[in-house]
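J.: First the structure, then my questions, so here it is.
None of the figures in this text is laboratory data; all of them are computed from the coordinates on show. As the structure is a computational prediction, the values presented were derived from the model and not from experiment. No Cβ is skipped: glycine too gets one built from the backbone with ideal geometry, and neighbour counts run over all protein chains shown.
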Amino acid sequence: MPNASKECQLFLTDLINGGDVFVAIDMAYMDCVPTDTVHGIPLGEENLRVTITIPKLKRALLPISTNATCIEEVVGGSVAWPKRYNRGLQ
């Protein structure tokens, strides 16, 4: 189970206006490996485990399917998120 974490910002692609839109503040777990799972699904190379702490767009859809569909349903819980949409990792 990952332990080291860092506060970051989560983004999603804005399909209407183009570019990316800021959707939440998260805690990203930095010591994840591709075989770690979130809700039984392996993270893979392109994703990491995050805990959403502050939603900015509560109804924004999650980029990776789970039993939940939008950000407001997972505040305080762990989800997988694409690394490319997690800013502040450096």
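J.: List the pairs whose first member sits in the stretch 21-46 and is under 16 Å from residue 63 (Cβ atoms) and touching a residue at least 12 places away in the same chain (Cβ under 8 Å), whose second member is in a strand (DSSP E or B) and aromatic (Phe, Trp, Tyr), and whose Cβ atoms are under 8 Å apart, counting only residues at least 6 apart or on separate chains?
T.: Correct list of pairs: 21/11; 22/11; 23/11; 26/81; 28/81.
Table: residues versus (1) polar (S, T, N, Q); (2) closer than 15 Å to residue 74 by Cβ.
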site	(1), (2)
8	no, no
12	no, yes
16	no, no
25	no, yes
43	no, no
47	yes, yes
60	no, yes
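J.: Could you tell me which residue of the stretch 62-83 is farthest from residue 7 (Cα to Cα), considering only residues that are within 12 Å of the chain's Cα centre (by Cα) and loosely packed, with under 13 Cβ neighbours inside 10 Å?
T.: The selected residue is 65.
J.: Something else about it: Only residues that are under 12 Å from residue 83 (Cβ atoms), loosely packed, with under 13 Cβ neighbours inside 10 Å and not acidic (Asp, Glu): list them for the stretch 1-49, please.
T.: 34
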